[in-house]
Amino acid sequence: MNSSRKLFQRGVILLVVAWLTLFVFLPNLMIIGTSFLTRDNDSLVRMVFSLDNYRRLLDPLYADVLLHSLNMALIATLCCLLIGYPFAFILARLPARVRPLLLFLLIVPFWTNSLIRVYGLKIFLSTRGYLNEWLMALGLTDTPLRIMYTPQAVILGLIYILLPFMVMPLYASIEKLDKAYLEAARDLGAGKVQTFVRIILPLTMPGIIAGSLLVMLPAMGLFYIADLMGGAKNLLIGNVIKSQFLNIRDWPFGAATSICLTLLMGLMLLVYYKVAKALNKKGELE
C-alpha cells in the first residue's frame, strides 16, 4: 500500500510539474526572450538581440501611461477598501446561519463572465441608461449626467469587478479576530474608535494588504474595462500591451512592457511578504 501511495504521489507531482512547465514556465520564458528581440514587419520578430524595447519604456508617453495606471489602480483599491472593510466587518458579525447566504451572493457574480457584467454596467451608466432615467424621474437632474468615457467610469468599473477580491481576505481576517482582545479593551476603558485603531486594525492588517494586492495588481491590466468605460483617453498599462500585440504587431515591445508589469507586481508581492512577516513577528513578541 505504501509503495502504491508513493507512486501515486510522485505521479501527481510529476503531472503538476509538467503542466506548470508547459503552460506557465515555457510561455513566460518565450515572453522574456521575445522582449530582447527586434520587431520585423514580415515575420513579427527578428532574431536580433536588442535592449531598445526596454529603453522605449523610459519614453515620457509610456511613463505617463504607467503612472496613470498606478493612480487609477490606487484609487480603485482605496475605494474597494473603504467599501469592503465595513461590509466584511458586518458580515463577520452576523449570525452564522446568515453568513453563508451573503457569501454566496458575493460569489454569484463570478459565475458570469466579467466582460458581460461590464457591458451591463455600461448600459446602466450611459446617458440613456437606467441611472439617468431614475435621476431625471426623481427630479434630481434636468439633463442626463455624462458618466461614461471618464476616469470616474473606469474606476467604477474596476470597483464593480474587483470588490469581491477585497471583501474575501478582509472577511477571513476579521472572522479570526479573538473576541477576548475586544473584551479586554472594553474592560480597560477603551472606546470604540480606540479599540478599532489599536486592536482591530493591526490584527486585520494582513487581510487589508492581501485584499489591496488582489485588487491593485489586476486593476492595472484589465484593459477591456478601460476600453469600454473610459475610451481612448483613459488607458491602462494593459491597453498598451494589448495594442502592441494585437494592433501594432510589435511583439518585442509588448513583451518588454508585460515583463516590466510582471516585475512591478512581483515587487508588490515582495513588499506584502516582508510586511506580513514583520506583522507576524510583532504579534509573536506581543
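Where does the Debye-calculated log10 I(q)/I(0) of the range 126-189 sit at q = 0.12 Å⁻¹, using only Cα point scatterers of equal weight, no solvent?
-0.59
Tell me, what HN-Hα J-couplings in whole Hz come from the Karplus equation 6.51 cos²θ - 1.76 cosθ + 1.60 at θ = phi - 60° for each residue of the range 93-98, using x for Gly and Pro?
Running phi through 6.51 cos²θ - 1.76 cosθ + 1.60 with θ = phi - 60° gives 9, 6, x, 4, 6, 8 Hz.
Could you tell me the distance between the Cα centroids of the range 156-203 and the range 11-69, to the nearest Å?
Each part reduced to its Cα centre gives a spacing of 40 Å.
Take the eigenvalues of the Cα gyration tensor for the range 92-136, scale each by 5, and report the square roots as semi-axes in whole Å, largest first.
Calculated on Cα positions only, the semi-axes equal 30, 16, 6 Å.
Please state the relative contact order of the chain as a whole percent: Cα pairs under 8 Å, 6+ residues apart? Mind dumping the intermediate values first?
On the way: 277 pairs, mean separation 77.1, N = 286.
Worked out over the chain, it gives 27 percent.
Rg and Dmax of the range 1-141, Cα atoms, in Å?
In Å, with Rg to one decimal and Dmax whole: 25.2, 76.
To check my understanding: the extent here is largest minus smallest coordinate of the Cα atoms along each principal axis. What are those three numbers for the range 52-284, in Å, largest first?
Here the spans come out as 64, 53, 30 Å, largest first.
Filter the chymotrypsin sites (Phe, Trp or Tyr not before Pro) in the range 48-94 down to the DSSP loop ones having no more than 12 other Cβ atoms within 10 Å, then list what survives.
Phe49
For Asp40, list long-range residues whose amide hydrogen, built 1.01 Å from N in the peptide plane, is under 5 Å from its own amide hydrogen.
Val45, Arg46
May I ask you to compute the full-extension gain from Ile32 to Thr127, defined as 0.36 nm times their residue separation minus their alpha-carbon distance, rounded to one decimal in nm?
Numbers: separation 95, 0.36 × 95 = 34.20 nm, distance 4.37 nm.
Stretched fully, the Ile32-Thr127 segment lengthens by 29.8 nm.
Counting only protein heavy atoms and a 1.4 Å probe, tell me what percentage of the chain's accessible area is made up of carbon and sulfur.
Numbers: 12560 of 18120 Å².
About 69 percent, which is the carbon plus sulfur part of the accessible surface.
Considering only Leu103, Met30, Leu131, whose Cα is most displaced toward the positive end of the charge dipole of the range 1-155, charges sitting on Cβ of Lys, Arg (+1) and Asp, Glu (-1)?
Leu103
Give the longest segment of the chain that steers clear of trypsin sites (Lys or Arg not before Pro) in DSSP loops with at most 15 neighbouring Cβ atoms within 10 Å, not counting the sites themselves. Write down the numbers at each step before the final one.
Working: sites that count: Arg97, Arg128, Arg146, Lys176, Lys233, Arg249.
Longest gap between qualifying sites, sites excluded: 1-96.
Give, rounded to the nearest 20 debye, the magnitude of the charge dipole that the chain has about its Cα centre when Lys and Arg contribute +1 at Cβ and Asp and Glu contribute -1 at Cβ.
Details: 26 positive and 15 negative charges, 147 e Å.
Dipole of the chain, to the nearest 20 debye: 700 debye.
According to the Cα gyration tensor, what semi-axes, each the square root of 5 times an eigenvalue, does the equivalent ellipsoid of the range 197-286 have, listed from largest to smallest in whole Å?
In descending order, the three semi-axes are 36, 16, 6 Å.
The values are calculated or read from the model by the stated rules, or taken from the named source; none is laboratory data. Predicted, not measured: the structure shown is a model, and the values here were computed from it. Ideal geometry is used to build each Cβ from the backbone, glycine not excepted, and the neighbour counts take in all protein chains shown. Calculation scope for accessible area: heavy atoms of the full protein, side chains included, ligands and nucleic acids excluded. Shrake-Rupley method; radii C 1.70, N 1.55, O 1.52, S 1.80 Å.
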